[in-house]
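These notes concern the structure reproduced below.
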Amino acid sequence: MANPHELSQAAHDRLEAELADLRSHGRIELADRIERAREHGDLKENAEYHAAKEEKSKMEARIAKVAQILEDAVVVESGNSREVMVGSIVHVRYEDDDEIERYLVGSIEERHDDLHVVSPSSPMGSALIGAAVGNKVTYEAPTGTLTVEVMKVG
């Protein structure tokens, strides 16, 4: 397992259900759409056929991506820890800024609500892992060195 995807149990279950649905209903529905579009004649000028084939290609790419994520998945508990961990929603304040921003530390597949997602392997994410309320962490960003203070973990 080169790069494990750390997921909450809820995200893991949702991805398994999505994969099962895409592999069964999704493939059947698109095969039916492609077959109906073929009946409309010349395939070179058949926009409905080309759109269905393109959608099938996108769906197969999503199937491959979800299957890979699940193959490398590690389910993590994201309880009410006092420290930032994968699955935590962390409220941070950037140095020299009064505004507090919320981030979900984890996989993009965990995204919900209007949260920004920060990968635990990113510079910011790795700096935040293990930090507690009141801690200031510094990390290297493309624009230079940034410092954030952890205001809340939950």
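The table below lists the values:
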| read-out | value |
| --- | --- |
| Using a Förster distance of 30 Å, the FRET efficiency for GLU18-SER126 (Cβ separation, nearest 0.05) | 0.60 |
| Per DSSP, loop trypsin sites (Lys or Arg not before Pro) in region 1-96 with at most 14 further Cβ within 10 Å | ARG82 |
| Most fluctuating residue given options MET85, MET59, MET124, as computed from a GNM of the chain linking Cα atoms under 10 Å | MET59 |
| The chain: most fluctuating residue of GLU71, GLU83, GLU109 per GNM, C-alpha cutoff 10 Å | GLU71 |
| Calculated FRET value between ASN135 and VAL74, using beta carbons and R₀ = 22 Å, to 0.05 | 0.30 |
| Two-site FRET efficiency, GLN9 against LYS53, from Cβ-Cβ distance with R₀ of 41 Å, rounded to 0.05 | 0.70 |
| Under 15 Å, Cβ to Cβ, from VAL105 - net charge with Lys/Arg +1 and Asp/Glu -1 | -3 |
| GNM top mover of ALA131, ALA73, ALA141 - the chain, alpha-carbon springs below 10 Å | ALA141 |
| Mean Cα-pair separation over length for region 1-126, i.e. relative contact order, pairs under 8 Å, 6 or more apart, % | 27 |
| Fully extended contour minus Cα-Cα distance, from ARG62 to LEU146, at 0.36 nm per residue | 26.8 nm |
| The chain - mean residue ellipticity at 222 nm from DSSP helices (-39,500 (n - 2.57) per run, n ≥ 4, rounded to 500) | -11500 deg cm²/dmol |
| Binned Cα-Cα distances of the chain, short to long, each 5 Å bin given as a whole percent | 2, 9, 14, 16, 13, 10, 9, 8, 7, 6, 4, 2, 1, 0 |
| Dimensions (Å) - region 1-67, Cα atoms, principal axes, largest first | 48, 22, 14 |
| Order of ILE100, ILE89 under a 10 Å beta carbon neighbour criterion, fewest first | ILE100, ILE89 |
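Quick note: the coordinates plus some simple rules give every number you see, no bench work behind them. Everything numeric in this text was worked out from a predicted model, so none of it was measured. Virtual Cβ from ideal backbone geometry, glycine too; neighbours counted across all protein chains shown.
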